[in-house]
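Asks: Have a look at this one before I ask anything.
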Amino acid sequence: MISSEQGGDMGQPFRRDRARLPAAERRKQIVEVTSRLIAEYGFWGLSMQDVADGCGLTVPGLLHHVGSKEGLLIAVLDERDKSDMSELKAEKLQDLCAALVRRNARQPEIVRLFAVLEAESLAPDHPVHDYFRTREKRAIDSFTELAGGDEALARQVIAMMDGLQIQWLRNPVKVDLVKAWDDAADRLFSK
């Protein structure tokens, strides 16, 4: 999937960038390239070779930084979580959810990746099983706090957001994620 623009002419091998980056910068580059490729080609079109090429690395060099394809995907999800936490601060649960939904509506491939991995991770032996278990607990705890201690409301909000995202991913022409969330929020938060 890496084109001749990045590798020179189609008959020429891809030249690797041999510049050494500090580990944190390289990891950031890997996450950015992976996120771009997921957005461009989708989860199923993602290959470790394309990520390595996009970073000027070999596949073994890429694996040195992320360990495995699962490690690469977890790095992307971790970065998404960190970005959500730093960019989307709110004092009220309703405001946080509205911001999350609007952001997710702009990145369907990342949301699709997340949904697929979350479903696959229900199997206890899946490589990201523990990641999603921990993430779910953090989300419930955080939403419960913003909901004034109402854990039932926090769980309902998460279920509604997840369900609407799946409906939107399945039929983006018919389901407007932001409007569907705004309608649901009116009911959920009308207490």
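Asks: Cα atoms only, the stretch 16-96: Rg and Dmax in Å?
Replies: 14.5, 47
Asks: Whole number please: convex hull volume per residue of the Cα set in the stretch 66-123, in Å³?
Replies: 95
Asks: I'd like the Kirkwood hydrodynamic radius of the stretch 84-191, using the inverse of the mean 1/r over distinct C-alpha pairs, in Å. Each step should come with its number before you reach the end.
Replies: Details: mean 1/r = 0.0688 Å⁻¹.
That comes to 14.5 Å for the stretch 84-191.
Asks: Place the peptides 118-128, 97-107 in order of packing, highest mean first, counting for every residue the other Cβ atoms within 10 Å and averaging per peptide. Before the final figure, lay out the partial values.
Replies: Details: 118-128: 12.9, 97-107: 17.0.
Going from most to least packed, we get 97-107, 118-128.
Asks: Rounded to the nearest 10 degrees, what's the angle between the helix 108-120 long axis and the longest principal axis of the chain, both from Cα atoms, 0 to 90?
Replies: 80
Asks: Using C-alpha positions alone, give me the convex hull volume of the chain per residue in cubic angstrom.
Replies: 133
Asks: On to the next question. Using only Cα atoms, what Kirkwood radius does the stretch 94-152 have, in angstroms? Write out the running numbers ahead of the final one.
Replies: On the way: mean 1/r = 0.0775 Å⁻¹.
Result for the stretch 94-152, one decimal place: 12.9 Å.
Asks: Now a separate question. If Rh is defined by the Kirkwood formula over all Cα pairs and Rg also comes from Cα, what ratio Rg/Rh do you get for the stretch 123-168?
Replies: With Rg and the Kirkwood Rh in hand, the quotient comes to 1.06.
Asks: Something else about it: According to the square roots a ≥ b ≥ c of the eigenvalues of the Cα gyration tensor, what is the shape class of the stretch 31-77, taking rounded for a/c under 1.5, prolate for a/b larger than b/c otherwise, and oblate for the remainder? Mind showing how you got there, number by number?
Replies: On the way: a/c = 1.76, a/b = 1.27, b/c = 1.38.
Note, shape of the stretch 31-77 comes out oblate.
Asks: Let me ask something else. Using only Cα atoms, find the angle between the long axis of helix 23-41 and the longest principal axis of the chain, and express it within 0 to 90 degrees, rounded to the nearest 10.
Replies: Taking Cα atoms only, the helix is inclined about 80 degrees.
Asks: In addition: Within the stretch 119-159, whose backbone N sits under 18 Å from a point 7 Å along Cα→Cβ of residue 99?
Replies: Only 139-148, 158 fall inside the zone, counting backbone N under 18 Å.
Asks: Ignoring everything except DSSP H segments at least 4 long, calculate the 222 nm mean residue ellipticity for the chain; use -39,500 (n - 2.57) per segment, divide by total residues, nearest 500.
Replies: Details: 10 runs with 134 residues, N = 191.
That calculation yields -22500 deg cm²/dmol at 222 nm.
Asks: Summarise the accessible area of the chain (1.4 Å probe, protein heavy atoms) by the percent that is carbon and sulfur.
Replies: Working: 5950 of 11330 Å².
Whole-percent figure for carbon plus sulfur exposure: 52.
Asks: Mind checking the per residue accessible area of the stretch 79-126 for me, 1.4 Å probe, whole number of Å²?
Replies: With all protein chains present, the stretch 79-126 gives 57 Å² per residue.
The values are calculated or read from the model by the stated rules, or taken from the named source; none is laboratory data. From a predicted model like this one, the values you see are computed outputs, not experimental measurements. As a convention, Cβ positions derive from the backbone with ideal geometry for all residues, glycine included, and neighbour counts pool all protein chains shown. Calculation scope for accessible area: heavy atoms of the full protein, side chains included, ligands and nucleic acids excluded. Shrake-Rupley method; radii C 1.70, N 1.55, O 1.52, S 1.80 Å.
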